[in-house]
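Participant: Before I ask anything, here is the structure I am working with.
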Amino acid sequence: MWDRWPRNAGGPSYPRASRRNTASLFQTSDLQNWTPPETLKEERQSGCVPPTSLEGNSLKKSNWGFLFTGIVGGTLVVVYAVATPFITPAFRRICLPFVPATAKQIENVVKMLRCRRGPLVDVGSGDGRIVIAAAKEGFTAVGYELNPWLVWYSRYCARREGVQASARFYISDLWKVTFSQYSNVVVFGVPQMMLQLEKKLELELEDEARVIACRFPFPHWTPAQVTGEGIDTVWAYDASSFRRSKKRP
Ligand SMILES: C[S@@+](CC[C@H](N)C(=O)[O-])C[C@H]1O[C@@H](n2cnc3c(N)ncnc32)[C@H](O)[C@@H]1O
């Protein structure tokens with residue numbers, strides 16, 4: 001029966017053996033010559049046996065395929081992880097994107113801090129440039145920032161500038177932080193948030209505190225000082241005066 005098995009039948013091919021030498025079916029030499037059924041099927045269809053180097057080539061190709069897929073996938077994951085914290089502020093109730101202060105703006109902030117003492121906070125500290133500038137002026141300065149990449153970058157910059165001891169950065173939502181311990185508050189916000197921040201600071205700050213607003217002023221407070229022009233304008237408000245003159249309904 002084994003001898004009569006058709007040579008080119010569609011089923012799997014095994015080493016041919018007669019009933020008499022069935023034992024030899026499992027001899028090492030036979031097993032070494034054994035070819036996977038799929039390969040034989042392909043060989044039968046094409047009528048030729050592929051050289052071993054071709055098999056190696058296709059294996060190499062599939063390895064490159066895996067590598068390529070891994071690199072593309074990995075790159076996409078990294079781009080997604082880096083870009084998401086920069087894009088998500090656009091979808092928040094108050095959209096406060098990362099726009100760094102200009103050199104002139106920083107200069108104006110520093111001018112408003114002249115003769116001031118006590119701890120300073122930058123509300124939404126971005127890449128840390130205001131906190132670092134304040135630390136260089138001798139302030140103990142803190143930045144609260146939602147975007148972790150910017151916080152890590154700020155810490156790196158503070159270290160690079162040698163002010164890591166006096167410039168601290170935290171990954172925090174500014175609406176969840178209490179600012180009562182700060183004597184100097186700097187904010188570069190957007191008009192949509194200024195009223196809400198005004199109310200928050202009125203409740204939290206001590207009388208001797210000073211608030212410095214960059215580019216957009218607070219809606220109800222009267223500034224003690226204004227400096228710069230255009231996008232570099234900076235307003236300074238004293239808590240003692242905005243507490244006294246609560247004009248808001
Ligand atoms: C206009 S940028 C100002 C950056 C920096 N203060 C400066 O002047 O260069 C505002 C920053 O606030 C951050 N931000 C937005 N929403 C925030 C939130 N809820 N809590 C903390 N930071 C926030 C943004 O990621 C952005 O870096």
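Participant: Counting just the residues of region 226-236 that are in a strand (DSSP E or B) and either at positive phi or more than 34 Å from the chain's Cα centre (by Cα) (or both), which one comes out nearest to the ligand (Cβ to nearest atom)?
Facilitator: Only one residue fits best here, namely T227.
Participant: Quick one: would you say P223 is exposed (fewer than 14 other Cβ atoms within 10 Å of the Cβ) and either modelled with pLDDT under 95 or outside any helix (DSSP H, G or I) (or both)?
Facilitator: Here the answer is no, as P223 does not meet what is asked.
Participant: How do the pairs read when you match residues in region 94-108 that are closer than 19 Å to P191 by Cα with residues anywhere that are charged (D, E, K, R) and near the ligand (Cβ under 6 Å from one of its atoms), using Cβ under 7 Å and keeping only pairs 6 or more apart or on different chains?
Facilitator: As it stands, the answer is P100/R129; A101/R129, since those pairs meet every condition given.
Participant: Select from region 226-249 the residues that are modelled with pLDDT under 95 and of a type in the set (G, A, S) and list them in ascending order.
Facilitator: If the condition is that a residue be modelled with pLDDT under 95 and of a type in the set (G, A, S), then S240, S241, S245 are the ones that fit.
Participant: Right, another one. Just one of (1) farther than 27 Å from Y156 by Cα; (2) in a helix (DSSP H, G or I); (3) within 13 Å of the ligand (Cβ to nearest atom) trips up E55, so point out which.
Facilitator: (3)
The values are calculated or read from the model by the stated rules, or taken from the named source; none is laboratory data. What you see is a predicted model; the values in this text were computed from it and never measured. Neighbour counts run over all protein chains shown; Cβ positions are idealised from the backbone, glycine included.
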